[in-house]
2 protein chains.
Amino acid sequence: MPDLDALKKDLEGIAIEDNPALVRQKSRDFYWYSPVLKDQLDKVVGDMVVTPKDEAEVIRVLKAAYAHGVPVTARGGGTGNYGQCMPLSGGIILNMLQMNAIKEIAPGRVLAQAGIITADLDRICKEKSGQELRFHPSTTGTATLGGFVAGGSGGVGSIHWGGLRELGNILKLRIVTMEAEPRVIELEGWDLHKVSHAYGTNGIITEVEMPLAPAYDWVDVIVGYDDYMDAVRFADNLAQRDGVLLKELAVINAPAPFDYFTRHRPFLKEGQAIVVLMVAPHSMGPLEAFIAQRKGDLRFRSDKVESMKGIPHAYELAWNHTTLRALKLDTNITYLQVQYGSPDHVAKVELMEKLTGADMIGHLEFMRFNGTIQCAGLPLVRYTTPEKLEALIRLHEENGCPIFNPHRYTLEEGGMKQTDTVQLAFKQETDPKGLLNPGKMIAWENPDFDFTAGKNYLFPGLAALEG
Amino acid sequence: MPDLDALKKDLEGIAIEDNPALVRQKSRDFYWYSPVLKDQLDKVVGDMVVTPKDEAEVIRVLKAAYAHGVPVTARGGGTGNYGQCMPLSGGIILNMLQMNAIKEIAPGRVLAQAGIITADLDRICKEKSGQELRFHPSTTGTATLGGFVAGGSGGVGSIHWGGLRELGNILKLRIVTMEAEPRVIELEGWDLHKVSHAYGTNGIITEVEMPLAPAYDWVDVIVGYDDYMDAVRFADNLAQRDGVLLKELAVINAPAPFDYFTRHRPFLKEGQAIVVLMVAPHSMGPLEAFIAQRKGDLRFRSDKVESMKGIPHAYELAWNHTTLRALKLDTNITYLQVQYGSPDHVAKVELMEKLTGADMIGHLEFMRFNGTIQCAGLPLVRYTTPEKLEALIRLHEENGCPIFNPHRYTLEEGGMKQTDTVQLAFKQETDPKGLLNPGKMIAWENPDFDFTAGKNYLFPGLAALEG
Ligand SMILES: Cc1cc2nc3c(=O)[nH]c(=O)nc-3n(C[C@H](O)[C@H](O)[C@H](O)COP(=O)(O)OP(=O)(O)OC[C@H]3O[C@@H](n4cnc5c(N)ncnc54)[C@H](O)[C@@H]3O)c2cc1C
Ligand SMILES: Cc1cc2nc3c(=O)[nH]c(=O)nc-3n(C[C@H](O)[C@H](O)[C@H](O)COP(=O)(O)OP(=O)(O)OC[C@H]3O[C@@H](n4cnc5c(N)ncnc54)[C@H](O)[C@@H]3O)c2cc1C
């Protein structure tokens with residue numbers, strides 16, 4: 001048992017919160033999205049929330065935690081939805097929200113502390129330079145830049161720029177290591193992969209340099225189609241129009257839009273699938289020409305409504321927000337994450353639509369991937385049992401559609417289902433005691449785990465909680 | 001015979017030049033690029049150069065020319081290289097260079113008169129708003145915006161945005177018709193195709209609205225490879241990295257770079273194929289990582305040379321400038337325009353490289369096309385006879401690589417080898433007497449011409465010149 005009182009003493013001068021209710025609150029994220037994770041993680045709780053105000057304090061925290069053998073789990077906005085920032089072994093929740101300064105804005109790039117909320121970053125960059133992030137998560141109003149880099153994958157803008165994993169979409173990361181004498185390391189180029197999307201298991205990110213794109217007054221647009229596949233083909237064809245500048249392109253099948261997008265309901269037609277778009281104002285004319293040619297039903301455009309008061313942004317209908325809106329009204333809903341790889345992504349969508357029928361409501365996010373267009377599916381699923389969910393996952397995989405399982409809390413099971421040797425090797429250097437966000441990297445916890453055996457990993461610490 | 005004196009009287013107050021030497025000079029473009037066109041068009045000459053200073057003067061010129069039955073051929077910078085702006089039936093050369101005002105710059109777009117030089121437009125847009133055209137021809141220093149829209153296809157920036165034909169890459173055109181009472185028509189959306197790339201045969205463009213992109217201090221980069229196909233694969237893979245922001249991506253095989261790029265020679269290695277790049281400063285780091293991974297030989301980067309004085313821009317090594325530099329030193333060189341369609345464009349390049357051997361020096365421009373990457377070939381060809389050139393063209397076509405023949409002065413033969421019914425129909429409305437740039441649209445001159453018969457079109461007016 002680590003000596004938490006001694007630890008606190010070492011942290012004197014740094015903001016610490018140990019009120020159980022507050023600690024419990026900061027020990028959770030959107031894990032409850034998944035009925036599976038809700039069962040598994042409900043009892044997870046940390047010991048205290050520590051809020052560093054600068055990198056020097058991060059170093060002090062990690063040094064002290066290392067000395068006392070106390071786990072540290074970074075927390076940004078806590079908007080992850082696989083329990084990424086939940087402290088499976090207790091210990092310190094490192095709240096990054098006070099480290100929210102912008103250090104430099106230049107043409108094409110910004111350098112900021114990791115705890116800045118991405119919407120704040122975008123607002124300030126736009127005010128000061130007419131620029132904004134290339135893409136942001138749909139949770140931009142509450143998510144942090146560091147949390148996005150450590151836990152996210154892409155989002156609003158990925159239709160133009162691809163995802164976070166693409167070379168050039170993160171420029172630099174500055175991290176602090178979990179050692180007797182914590183080191184500060186700067187990573188660029190291919191080395192960024194060591195830490196990006198590693199859930200903070202091998203370093204605490206203190207600063208992030210990101211590329212910027214021009215900020216426009218993006219127009220929200222909704223186009224309706226009676227037939228889902230017509231909407232999908234519209235979106236796919238539009239995604240290939242390189243001259244039409246989009247920031248968002250999603251397709252959501254009926255009945256989700258009319259049933260769940262309550263604020264937009266006055267604009268929607270029951271029974272229609274919709275295409276949700278964000279388009280640059282100077283591409284709105286060309287987009288109208290395209291919609292007319294494809295006989296789309298232009299239901300909504302934010303530049304022509306009397307007031308946007310009370311109407312959410314288009315991106316708050318997309319990505320995981322689609323699921324969130326469904327969940328609010330129907331607690332039996334959950335979802336999957338599907339990759340429909342190009343070039344036959346549309347055919348794959350059509351096939352899975354046929355095979356799954358009423359079990360799933362289609363939701364696609366179009367994005368660039370390796371120089372072509374493909375789509376990521378975030379279908380809504382009517383949840384009954386874990387077994388039926390597993391069967392649905394297998395059905396996808398058997399038909400050439402990989403699943404990134406959002407019902408798993410480990411890096412590997414939610415991702416490529418294999419060890420990321422680069423991240424593992426880096427953890428050996430930066431976190432020799434394995435104190436950073438324990439339980440999330442199977443390759444570290446159990447090097448012999450057999451990913452092909454078809455069994456789920458259960459972190460021993462969690463098993464203890466159950467006992 | 002039209003009464004030119006009466007015409008001149010009608011044009012009183014408008015600048016007219018009829019000095020034969022000056023008229024002759026303004027009757028030519030870069031047609032001499034093609035040994036075939038050089039023979040055919042050498043004697044072409046107009047009757048006078050008329051230089052309108054505004055749209056009202058354009059209207060007066062067209063009205064008078066219509067009344068007197070005098071042909072009118074618009075001329076921008078005269079940098080076309082298929083004789084596009086050469087007055088095959090004589091008449092008025094309408095010099096657009098005085099109509100060079102910018103009317104509005106807004107986020108994402110600019111409205112300007114058609115005669116503005118694109119480099120001037122870019123400089124002013126950058127100064128005033130940090131923006132520039134999405135792409136420009138490599139002749140940007142002397143080409144006009146209207147000439148680009150009416151005669152060009154794409155260029156420096158098409159690696160990101162695709163070509164001019166893509167919806168959204170031209171926003172609006174304002175034209176004057178050739179009728180008893182000339183009309184002013186504004187075109188948007190799909191209607192733009194009526195006039196874009198129509199060589200000024202169905203309307204004189206007076207104003208152009210174009211989308212803008214952010215202007216960066218693009219870094220010129222040259223990467224060398226001993227093997228051409230290694231360079232091609234490097235470029236193709238890089239083109240698919242959606243996070244690395246490029247403005248130019250070309251591959252040029254040995255011996256062209258070392259032999260013809262004299263100002264860059266100190267940086268080049270004899271025998272190497274090169275990749276010519278323009279990259280945004282904030283993507284330079286990621287590009288370096290990519291070059292290192294692919295074992296490229298980084299020969300040149302403009303951000304690290306002591307002075308760029310006397311060294312041309314990277315884009316002046318690319319597009320048709322590659323050919324220009326070769327021609328300057330070896331008059332036996334000519335070229336072709338090849339489409340290597342995706343997704344097997346690299347395989348096609350490799351095949352044609354094998355089949356053509358020493359007859360061709362490979363030159364590829366990578367660009368986006370319908371949402372994917374493909375490459376346009378502008379190979380240098382050692383010219384011997386028209387027959388051998390034809391055989392080389394057939395060899396490409398037989399192997400699935402369409403040729404856009406740069407040795408033809410008609411729209412159809414240089415393009416899709418079929419009637420563009422939209423442009424033809426629009427000409428019926430806007431130029432009922434067929435006085436705008438005669439001889440360039442076969443479908444107008446000879447509706448019965450059989451494109452499949454394998455014969456070249458000869459404009460009767462030209463035959464008369466020979467006689
Ligand atoms: C409604 C909804 C919509 C969403 N939409 C998207 C979307 O469009 N795109 C997308 O990619 N994701 C999306 N997500 C997931 C999540 O919101 C984003 O990935 C978000 O960027 C996470 O940021 P955060 O600050 O909330 O991170 P947190 O949830 O706080 O943390 C995420 C992970 O990063 C680690 N971490 C946080 N800060 C640091 C740091 N400074 N150093 C090291 N590790 C750190 C945490 O330990 C955790 O493992 C969505 C989630 C919800 C609930
Ligand atoms: C070295 C070299 C490099 C080149 N690189 C490129 C390149 O990268 N990309 C590319 O697309 N092209 C390229 N070209 C071709 C040409 O330079 C461009 O298309 C250029 O944009 C033409 O502009 P211009 O003003 O010189 O047009 P001009 O040559 O003057 O005219 C071109 C055509 O447009 C018509 N026209 C001109 N103005 C108007 C108007 N206001 N209204 C109606 N019709 C009009 C003319 O009648 C003619 O048919 C290159 C040529 C050379 C010689």
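Observations, loosely collected:
- Between 0 and 90°, nearest 10: helix A:284-293 axis offset from chain A longest Cα axis: 50
- Inter-chain neighbour count for B:351-358: the average number of beta-carbon atoms from partner chains within 10 Å of each residue's beta-carbon is 0.
- Residue ranking by accessible heavy-atom surface, 1.4 Å probe, largest first, among A:Lys103, A:Lys194, B:Lys328 comes out as B:Lys328, A:Lys103, A:Lys194.
- A 1.4 Å probe, protein heavy atoms only, puts the accessible area of A:His136 near 10 Å².
- Charge tally around B:Val195: other residues with Cβ under 15 Å, Lys/Arg +1 each, Asp/Glu -1 each, net -1.
- Residue-averaged beta-carbon neighbours from other chains (10 angstrom radius) around B:370-377: 3
- The modelled label-to-label distance between A:Glu398 and B:Glu127, using points 7 Å beyond Cα along the C-beta direction, is 6.8 nm.
- Of all lysines in the structure, those lying under 19 Å Cα to Cα from A:Lys126, and not within fewer than 8 positions of it along the same chain, are A:Lys103, A:Lys247, B:Lys126, B:Lys128.
- Net charge over other residues, Cβ less than 12 angstrom from the Cβ of B:Val45 (K, R count +1; D, E count -1): +1
- Relative contact order for chain B, counting Cα pairs under 8 Å that sit 6 or more residues apart, in percent: 16
- Accessible area buried at the B-A interface, both sides summed, 1.4 Å probe (Å², nearest 100): 2900
- Global geometry of region A:52-107, whether rounded, prolate or oblate, following the gyration tensor of its Cα atoms and the 1.5 cut on a/c: oblate
- Relative contact order [Cα under 8 Å, 6+ residues apart], region A:109-211, whole percent: 33
- Inter-site label distance for B:Leu22 and A:Ala358 at 7 Å from Cα along Cβ, in nm: 8.3
- Other-chain or far-sequence residues with amide H under 5 Å of A:Val156's (modelled H): A:His136, A:Ser138
- Solvent-accessible area assigned to carbon and sulfur over the protein assembly as shown amounts to 51 percent, based on a 1.4 Å probe.
- Summing Cβ point charges (Lys, Arg +1; Asp, Glu -1) relative to the Cα centre of the protein assembly as shown gives a dipole of roughly 700 debye.
- Taking all protein chains together and a 1.4 Å probe, the residues A:Trp218, B:Trp190, A:Trp161 rank B:Trp190, A:Trp218, A:Trp161 from largest to smallest accessible area.
- For the pair A:Asp5 and B:Lys43, label points projected 7 Å from Cα toward Cβ lie 11.0 nm apart.
- Solvent-accessible surface of the protein assembly as shown, averaged per residue with a 1.4 angstrom probe and all protein chains in place: 38 square angstrom.
- Three-way shape label, region A:210-350, alpha-carbon gyration tensor, a/c 1.5: rounded
- Ordered from highest to lowest accessible area with the whole protein assembly present and a 1.4 Å probe, A:Arg183, B:Arg394 read as B:Arg394, A:Arg183.
- Taken about its Cα centre, region A:219-398 carries a charge dipole of about 440 debye when Lys and Arg each add +1 at the Cβ and Asp and Glu each add -1 at the Cβ.
- Here the contact order of region B:351-467, divided by its residue count and restricted to Cα pairs under 8 Å and six or more residues apart, works out to 14 percent.
- Label point 7 Å beyond Cα of A:Ala347 along Cβ direction - residues of region A:371-407 with amide nitrogen under 13 Å: A:400
- Anisotropy class of region B:32-155 from Cα gyration tensor, a/c 1.5 cut: oblate
- With all protein chains modelled, accessible area of B:Arg265 [1.4 Å, Å²]: 90
The values are calculated or read from the model by the stated rules, or taken from the named source; none is laboratory data. Remember, it's a predicted structure, so these values are computed and weren't measured experimentally. Cβ sites come from the backbone with ideal geometry, for glycine too, and all protein chains shown count toward neighbours. Just the protein is used for accessible areas: all its heavy atoms, side chains included, with ligands, DNA and RNA removed. Shrake-Rupley method; radii C 1.70, N 1.55, O 1.52, S 1.80 Å.
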